[in-house]
1. Quote to one decimal, in nm, the extra length available between Val78 and Ile2 on full extension: 0.36 nm per residue of separation minus the C-alpha distance between them.
2. Compute the accessible area per residue over the range 1-58, keeping the other protein chains in place, probe 1.4 Å, unit Å².
3. Out of residues 5 or more away from Arg22 or on other chains, whose amide H comes under 5 Å of its own, with H placed 1.01 Å from N in the peptide plane?
4. Give the peptides 68-78, 28-38, 122-132 in descending order of average Cβ contacts within 10 Å, highest first.
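The values are calculated or read from the model by the stated rules, or taken from the named source; none is laboratory data. Fair warning: this is a prediction, and the values are worked out from it, not measured in the lab. Reconstructed Cβ throughout: ideal geometry from the backbone, glycine too, with neighbour counts over all protein chains shown. Each accessible area value is taken on the protein alone, full model and side chains, heavy atoms only, with ligands, DNA and RNA left out. Shrake-Rupley method; radii C 1.70, N 1.55, O 1.52, S 1.80 Å.
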Amino acid sequence: EISQSASLSLDDLPSIDNDTVRRGQPSAWVKYGVGKVTILSHILMPHAQRMLEKYGPEAERAFSRTWEEIAWGEFRDVFLTDGILRGIKEALAQESLAPLTAAVSGKAYEALISAKTASLFRLTCTLGALSAHASPQMVAAAGDYGHACGVAFQIADDLCDMQIVNNSPLAALAR
């Protein structure tokens, strides 16, 4: 939960997704400022990792790999793809997917949501299996399940954003 909060706070920043509302309230950066939220998020991540020490090195490695994957996903979103998710919102605001379709492949979108969202869902399920002392096969299966749930969640969330942006009937399916 700590890493989820830190991750979302950073993802909401103006330089990434520029989300001003989170769970019906002003985003943390809107309420407290970009600098404070960035510093606090950087404090929370190692704190969350230290909490995992009791579950052993495999849990710590999974956490480190996930945080790195999330960070690279954010990097790709901001620097390499010029903001795929922002691009989705802008295309929907124009009520035309043509510019977005030409610029972004489904594989690029899936890679982005796999890194930024599904990786955290994977971690949650992996850590649950590790804490239950599950077999390596069960740990892997739990991680795969978490990844699939994360992809489905992010697609549904993006469809909800479409509903907010332009009242698209397609987005109603996400509810």
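1. Numbers: separation 76, 0.36 × 76 = 27.36 nm, distance 2.35 nm.
Gain on extension, Val78 to Ile2, equals 25.0 nm.
2. Heavy-atom SASA per residue in the range 1-58 reads 63 Å².
3. HN-HN under 5 Å from Arg22: Ser27.
4. Working: 68-78: 17.4, 28-38: 15.6, 122-132: 19.5.
The densest-packed peptide leads the list: 122-132, 68-78, 28-38.
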